[in-house]
């Protein structure tokens, strides 16, 4: 699941780049902010998984 989420973050980052190239800077920035949030969530999920696997 984590890899799946990381793939989506990459796809969203690509969309942000396309928006920027199309001159839609405000939308691109919002998508980039969303990607950062997505990545932060993925990091928390990875920590939780490590905790489960480590028994902590």
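Taken together, the values in this text are just the output of simple stated rules run on the coordinates, not laboratory data. Because the structure is predicted, anything quoted here is derived from the model rather than measured. Because the Cβ atoms are built from the backbone with ideal geometry, glycine has one as well, and the counts that use them run over all protein chains shown.
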Members of the range 46-56 that are in contact with a helix residue (DSSP H, G or I) (Cβ under 9 Å, 6 or more places away or on another chain) and not in a helix (DSSP H, G or I): 56
Filtered residues of the range 1-45 (kept if more than 13 Å from the chain's Cα centre (by Cα) and in a helix (DSSP H, G or I)): 17, 18, 19, 20, 21, 25, 26, 27, 28, 29
Test: residue 23 is free of Cβ contacts under 8 Å to residues at least 24 places away in the same chain and either at positive phi or in contact with a strand residue (DSSP E or B) (Cβ under 6 Å, 6 or more places away or on another chain) (or both): yes
